[in-house]
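As structure tokens, the structure follows; a few thoughts come after it.
The values are calculated or read from the model by the stated rules, or taken from the named source; none is laboratory data. Keep in mind the model is a prediction, meaning the values are calculated, not measured. Please note: Cβ atoms are built from the backbone with ideal geometry, for glycine as well, and neighbour counts cover all protein chains shown. Just so you know, the surface numbers come from the protein's heavy atoms only, side chains and all, with ligands and any DNA or RNA stripped out. Shrake-Rupley method; radii C 1.70, N 1.55, O 1.52, S 1.80 Å.
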Amino acid sequence: MSDVSLFVRKASGLVRAWSVFDAFIYATFSINLITLGLFIFSYCYYFEGNLATAVVIGAIFTIFEVIVYASLISAMPRAGGDYVWQSRILGRAIGFLLSITGWWFILWLWVPLYGQMLVYEVFTPLLGILGLQTAALWFTTTNVGMLVGMLLVCAIVFVYIAAGMKWYARVQKFCFWGGTVGLVLVFVLLLFGNNTTFVANLNSMAPQMFGSASGTDLYAATIAAGQAAGTVTAPLGDFSGAGIIASMALIPMMVFFNLWPNWGSTLYGEVRGAGDYKRNFWGMAAAIIVTTVGALIFFALIAKTLGWDFYNNANGAFWNYVWGYTTEAPPLPFWPYPALFAAFLVKSRFIQFLVILLMSLWWFGWSGTVFLSSTRVIFAAALDRMLPEWVSKIDEKTRVPVNALLLMVIPSAIISYLYAFKIFSFQTLALDATVVIAITFLGSTIAGTIMPWKTKEIFDGSPVAKFTVPSWLGWLVTLLYAVFAMYLIKISFTYAWNIISGIGTTQPGWMTWLVVLLLGALTIFNAGILIWVLYYVGKNVFGGAKMPLVTLAGLIFMGFLDWLLVVWFWDPTTVDGYPLYAIGWSNVSSMFFMLINYLVAAAIYFGFSSYRKKQGIDVNKIYKEIPVE
């Protein structure tokens, strides 16, 4: 029994208002094909790999993530998720630093991205269809228009979440079913439409709605502009050995959208039946399966009716101009939204408007994810007395931690301003939003991997203790992990040496040197973690213990996450190379932004540890207990 007097109060004040189906819908929205998926697909025009291959491979590895998180949830179903598990298994410092940065600070950066998608997928298409050409382009092409979209995210989501979990569940159910109807309509239009009709309607409607040059073959002009931008995406049907190898470089982009079926894990203290492993697993796994199948269907229909070359070249032409690589505006002055292209297959403005309006529900149902999960991490840290007590305050009517919500909304508005007006190169930091959370997930993956032995009493008393694998499989996976860990150490050290030994020829500034040397130190630290996990698991497995399923999944997913981090941070891998992801050592703004996040989290951690000690509160004792419900 926990000594509840250790915590801010004897009960969290939260209620289990969600069903497992609500959690499934939340997981599906969290890996949203229409928002996150289409957005990151559009970034990938300069990759030679096959999008379909990358999506499938990423999804397979994500299933192992689901096993780890379903196990952690079943063993400790508490609000706060990653923060609770890491702080109780790995230690309070690690849990605080990784979760506060990954679930609080970096989520501020997601708001500008949500705002972009609101503009690109909702405002601009709907206004264009209504004939409000100037307003449609104002949102897409001006800094102020984009900022308005971002600030509206803050306002809309604040209302959603402040209304409480029950109301949020109702909203997301409505959006899920309405959005599904819209997606079916898009699929039907693409299935029964043809390329000839699309080209003719594009050439006639785009000038009317968005001011594109009339009397021009916009289809051909877009392909030409995309080719000039360097579009090299592989044909959709390229499953050759070389094509699969090329597609591996796409996977670190794909996880921007499909790494998050566990996004609701911080909410499971408010989900009924959260102790049931199988229900937790299928709630998240079903989201991955449905989304992956949906992506493959969408790809096939785009290729059939719009043309795969056209779609990817349209993305290249658009982003090449937005990112400032050319001063020549693209033939289509709006983001290449496949749902809008599908709507062009009919001439009725009413049907077009209806299709886009229904598809907009994918954004509205998804939008709450930007703050909802984070508020529970902030709340859990406050309940552990590592933040001010007022942060843990719960609204008596809605049972919402309103102050924690405000700690998301207010900083997000500031970050949105910096992003919209391209101050401090914030517009280059989009993928940082993925990297920092991936580091947090790595912490939870390690926690799940060692949980059966590190917190044996908790694990043995949980529903997941019965899930083990045959001894031979445990040995095999441990050996495969050892081989892959050595591979990761080898390539990371090789990349580090290539950069450190050659960077002097580029005359880098002190900030670049600092970033590179810091990454060099982290590369050594990462090698130590890989070896320590191998030793910790190996001594138990080869000592006769059966390998739990969560440990097997943890080793596999940990290898995947670690590989992602290596290629993100050491990109490009030589000083004269071209960065594929532009968030590693070559992007100083990116690295310093992430570093500042961790330093601020450390300052809060040490500051509150000292403050509580002066109050006579033994914070270490708090972390030896499972949080109150």
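How large is ³J(HN,Hα), in whole Hz, for each residue of region 66-78 in order, when computed from phi with the Karplus curve 6.51 cos²θ - 1.76 cosθ + 1.60 and θ = phi - 60°, using x for Gly and Pro?
So the Karplus estimates, Gly and Pro as x, are 4, 4, 4, 6, 4, 5, 4, 4, 5, 6, 9, x, 10 Hz.
Can you tell me the relative contact order of the chain? Whole percent, Cα pairs under 8 Å, sequence separation 6 or more.
Relative contact order of the chain: 29 percent.
Once the Cα atoms of helix 372-383 and of the chain are each reduced to a long axis, what angle between those two axes, in degrees from 0 to 90 to the nearest 10, is obtained?
Rounded to the nearest ten degrees, it is 20.
Restricting to Cα pairs below 8 Å that are 6+ residues apart, what does the relative contact order work out to for region 468-586? Please round to a whole percent.
With pairs under 8 Å counted, the relative contact order is 43 percent.
Apply the Karplus curve 6.51 cos²θ - 1.76 cosθ + 1.60, θ = phi - 60°, to the phi angles in region 83-92 and return the couplings in whole Hz, x for Gly and Pro.
So the J values, rounded to whole Hz, are 4, 5, 5, 5, 5, 8, 9, 8, x, 5.
Run the numbers for Val322 and Ser589: contour at 0.36 nm per residue of separation, minus the present Cα-Cα distance, in nm.
94.2 nm
In terms of modelled amide H atoms, which long-range or inter-chain residues lie less than 5 Å from the amide H of Thr468?
Leu549
In this model, which of Lys278/Lys393; Lys397/Lys614; Lys397/Lys624; Lys454/Lys621; Lys278/Lys466; Lys278/Lys397 are farther than 23 Å apart at the alpha-carbon?
Pairs exceeding 23 Å: Lys278/Lys393; Lys397/Lys614; Lys397/Lys624; Lys278/Lys397.
Show which aspartates and glutamates lie in cross-link reach of Lys422 when reach means a straight Cα distance below 19 angstrom and same-chain residues fewer than eight apart are skipped.
Cross-link targets: Asp432.
How high is the FRET efficiency from Phe525 to Ile244, r the C-beta distance, R0 30 Å, rounded to 0.05?
Efficiency, from the Cβ-Cβ distance: 0.40.
What distance in nm lies between label points placed 7 Å from Cα along the C-beta direction at Asn620 and Asp576?
So the two model labels end up 5.5 nm from each other.
So which chymotrypsin sites (Phe, Trp or Tyr not before Pro) in region 317-413 pass both tests, a DSSP loop state and at most 13 other Cβ atoms within 10 Å of the Cβ?
Trp323, Tyr325
Any idea how far apart Leu479 and Val290 come out in nm if each label point goes 7 Å out from Cα toward Cβ?
In this crude label model, Leu479 to Val290 measures out at 4.1 nm.
Here are labelled values, (i) 75, 60, 49; (ii) 90, 47, 47; (iii) 103, 55, 49, and one is the computed Cα extents along the principal axes in Å for what I pasted. Which one?
(i)
Could you do me a favour and compute the accessible area per residue for region 468-586, 1.4 Å probe, result in Å²?
That works out to 47 Å² for each residue.
So what's the angle, to the nearest 10 degrees on a 0 to 90 scale, between helix 20-30 and the longest Cα principal axis of the chain?
50
So for the chain, taking the charge dipole from beta-carbon charges (+1 Lys/Arg, -1 Asp/Glu), which of Ile245, Ser412, Val184 sits furthest toward the positive end?
Of the candidates, Ser412 comes out farthest on the positive side.
Check cross-link reach from Lys304 to the lysines: straight Cα distance under 21 Å, and skip same-chain residues fewer than eight apart.
Correct list for Lys304: Lys347.
Points 7 angstrom from Cα along the Cβ direction at Trp513 and Ala603: gap in nanometres?
Here the answer is 2.6 nm between the modelled labels.
If one puts a single equal scatterer on every Cα of region 350-409 and applies the Debye formula without solvent, what log₁₀ I(q)/I(0) results at q = 0.17, 0.20, 0.22, 0.25 Å⁻¹?
Listed by q, the Debye log ratios stand at -0.61, -0.72, -0.81, -0.95.
Given 0.36 nm per residue, what is the gain on full extension from Thr216 to Thr142 after removing their alpha carbon distance, in nm?
Once the chain is fully extended between Thr216 and Thr142, it gains 24.1 nm.
Considering every Cα-Cα pair within region 104-246, what fraction, in whole percent, is farther apart than 23 Å?
Of all Cα-Cα distances in region 104-246, 59 percent exceed 23 Å.
In whole Å, how far is the Cα centre of region 416-453 from that of region 44-99?
12
For region 470-478, just list the computed ³J(HN,Hα) in residue order, Karplus coefficients 6.51, -1.76 and 1.60, θ = phi - 60°, integers in Hz, with x standing in for Gly and Pro.
x, 4, 4, 5, x, 5, 4, 5, 4
Less than 12 Å Cβ to Cβ from Pro235, Lys/Arg counted +1 and Asp/Glu -1: what total charge do the surrounding residues give?
With Lys, Arg at +1 and Asp, Glu at -1, the net is -3.
Per DSSP H run of n ≥ 4, the term is -39500 (n - 2.57); total these for the chain, divide by its residue number, and report the mean residue ellipticity at 222 nm rounded to 500 deg cm²/dmol.
Result for the chain: -22000 deg cm²/dmol, rounded to the nearest 500.
Which aspartates and glutamates have a Cα less than 18 Å from the Cα of Lys456, not counting those fewer than 8 places away in the same chain?
Of all the aspartates and glutamates, those that pass the test against Lys456 - Cα under 18 Å, at least 8 places apart if same chain - are Glu625.
If you wrap region 328-436's Cα atoms in a convex hull and average its projection over all directions, what's the area in nm²?
11.1
Below 8 Å, C-alpha to C-alpha, sequence gap of six or more: please give me the relative contact order for region 320-435 in percent.
Averaging sequence separation for qualifying contacts and normalising by length gives 12 percent for region 320-435.
Let's see if you can work this out: charge +1 on each Lys and Arg Cβ, -1 on each Asp and Glu Cβ, no other charges. What is the dipole magnitude of the chain about its Cα centre, in debye to the nearest 20?
Its charge dipole is roughly 1720 debye.
Residues of region 358-414: accessible area per residue at 1.4 Å, in Å²?
Solvent-accessible surface per residue comes out at 28 Å².
What is the percent carbon and sulfur in the accessible area of the chain, measuring with a 1.4 Å probe over the protein chains and ignoring ligands?
69
Quick check: residue separation of Tyr611 and Lys422 times 0.36 nm, minus the Cα distance between them. What number comes out in nm?
Here the segment from Tyr611 to Lys422 would lengthen by 64.3 nm.
List the extent of the Cα atoms of region 468-586 along each of their three principal axes, largest first, rounded to whole Å.
Computed over the Cα atoms, the extents are 55, 22, 18 Å.
Roughly what angle does helix 549-569 make with the longest principal axis of the chain, taking Cα atoms, 0 to 90 degrees, to the nearest 10?
50
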